[in-house]
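Working notes, structure below.
The values are calculated or read from the model by the stated rules, or taken from the named source; none is laboratory data. Fair warning: this is a prediction, and the values are worked out from it, not measured in the lab. Note that we place each Cβ from the backbone using ideal geometry, even for glycine, and neighbour counts take in every protein chain shown.
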Amino acid sequence: MPRSIWTGSITFGLVTVPVGLYSATESHGVSFHQYQRGTTDRIRYQRVNERTGEEVSFGDIVRGVEEEDGETVIVEPAELDQIAPGRSRSIDVTAFVDLDEIDPIYFQKTYWLAPAKAENGKVYALLAAAMAATNRVAIATFVMRGTQYLCAVRADDGVLSLETLYYADEIRQPREQLDHLPERAEPDGREFDMARTLIESMSADWRPEDYRDTYADRVRDLIEDKRVGNQVVAESAAPAATDVTDLLEALRLSVEARRAS
């Protein structure tokens, strides 16, 4: 059984639902260690005092902020807990909104929520059913590991999930920060019509099971080839950018290839 990484309660109005927070995803990529080239000696990292060069135990490490005048303000973990004793164990719902109103760019990471105990199941199920019936998600805040998160709690098939969200001031504005963006213009012409045709010909239902991490597969093949002494074959180079003068022809050939397949 997985272990909860956070325990607390969902609170809305005068209702409190004790829950545990669990990771909803896991990585299946290849995990590498670091070695010194030419050896099989592992590289290890230590927490070292930069002045004395001595290793520092984790329990002796505190946080601090260096001010502009050079002064360093040290903050103890207990002091952080003191300024948010209630919030560190509460998912405080502030509003219920339509999920479609939230731009996907705000979504950060997904967790599962489960009743903390069997006797909490009825209230948990009631909240999940009511949210599903009204097509609403709960917008809330909570504190975990010294950080306050904005989050959206939603119901799916009787299970509640929690999506951590970025705050509005954490979203970068593309037209203020990115170079070479084209000016806004109404699309027209043969290129636009051909691009629409290509997109429509490639349209499909979303089936996540159809996709897998093919790069991780190639990494595993690389490791196996090196283990048994096979020659490593390089992948083909990435395609060059499409030239503007060749755009219409590239679109036409793409559409014909899709139709042929």
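Things worth noting here:
- Filtering Ala129, Ala133 for residues that are in the same structural domain as Pro104 (by TED's automatic domain parsing), of a type in the set (Gly, Ala, Ser) and under 24 Å from Arg89 (Cα atoms) leaves a single hit, Ala129.
- Residues in region 215-243 that are surrounded by 10 or more Cβ atoms within 10 Å (Cβ to Cβ), over 29 Å from Leu253 (Cα atoms) and not basic (Lys, Arg): Ala216, Asp217, Val219, Asp221, Leu222, Ile223, Glu224, Asp225, Asn230.
- If the condition is being surrounded by 12 or more Cβ atoms within 10 Å (Cβ to Cβ) and touching a residue at least 40 places away in the same chain (Cβ under 8 Å), then region 244-261 contributes Leu247, Leu248, Leu251, Arg252, Ser254, Val255, Arg258.
- Taking residues in region 23-51 that are outside the structural domain of Ala216 (by TED's automatic domain parsing) and closer than 30 Å to Arg63 by Cα, and partners anywhere that are of a type in the set (Gly, Ala, Ser) and in a loop (DSSP other than H, G, I, E, B), the pairs with Cβ atoms closer than 8 Å and at least 6 places apart or on different chains are Arg47/Ser57.
- Against the numbered list (1) under 15 Å from Thr7 (Cα atoms); (2) in a strand (DSSP E or B), Tyr124 comes up short only at (2).
- Only one of the listed residues (Lys117, Lys109, Lys122) is among the basic types (Lys, Arg) and free of Cβ contacts under 8 Å to residues at least 40 places away in the same chain. That residue is Lys122.
- Residue pairs meeting the criteria (Cβ under 8 Å; at least 6 apart or on separate chains; first farther than 21 Å from Leu248 by Cα, in region 172-201; second surrounded by fewer than 10 Cβ atoms within 10 Å (Cβ to Cβ)): Pro174/Leu181; Arg175/Leu181
Yes or no, residue by residue, for (1) outside any helix (DSSP H, G or I); (2) closer than 30 Å to Ala152 by Cβ; (3) of a type in the set (Val, Ile, Thr); (4) touching a Pro at 6+ places or on another chain (Cβ under 9 Å):
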site	(1), (2), (3), (4)
His28	yes, yes, no, no
Thr40	yes, no, yes, no
Tyr45	yes, no, no, no
Glu68	yes, no, no, no
Val73	yes, no, yes, no
Ala78	no, no, no, no
Asp81	no, yes, no, no
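- Total residues in region 65-79, condition loosely packed, with under 11 Cβ neighbours inside 10 Å, within 23 Å of Thr147 (Cα to Cα) and without any contact (Cβ under 8 Å) to a residue 12 or more places away in the chain: 6
- Unique residue being out of contact with any strand residue (DSSP E or B) (no Cβ under 7 Å at 6 or more places or on another chain) and in the same structural domain as Gly20 (by TED's automatic domain parsing) when the list is Asp221, Asp157: Asp157
- Comparison of Arg220, Arg259 shows that the only residue that is in a helix (DSSP H, G or I) and farther than 30 Å from Gly189 by Cα is Arg220.
- Top-ranked residue of region 200-214 - restricted to ones that are in a helix (DSSP H, G or I) and exposed (fewer than 11 other Cβ atoms within 10 Å of the Cβ), ranked as nearest to the chain's Cα centre (by Cα): Pro208
Results for (1) surrounded by 17 or more Cβ atoms within 10 Å (Cβ to Cβ); (2) part of a helix (DSSP H, G or I); (3) within 27 Å of the chain's Cα centre (by Cα); (4) of a type in the set (A, V, I, L, M, F, W, C), shown as yes or no for each residue.
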{"site": "Asp100", "(1), (2), (3), (4)": "no, yes, yes, no"}
{"site": "Ala133", "(1), (2), (3), (4)": "no, yes, no, yes"}
{"site": "Ala138", "(1), (2), (3), (4)": "yes, no, yes, yes"}
{"site": "Arg175", "(1), (2), (3), (4)": "no, yes, yes, no"}
{"site": "Pro182", "(1), (2), (3), (4)": "no, no, no, no"}
{"site": "Ala185", "(1), (2), (3), (4)": "no, no, no, yes"}
{"site": "Met194", "(1), (2), (3), (4)": "yes, yes, no, yes"}
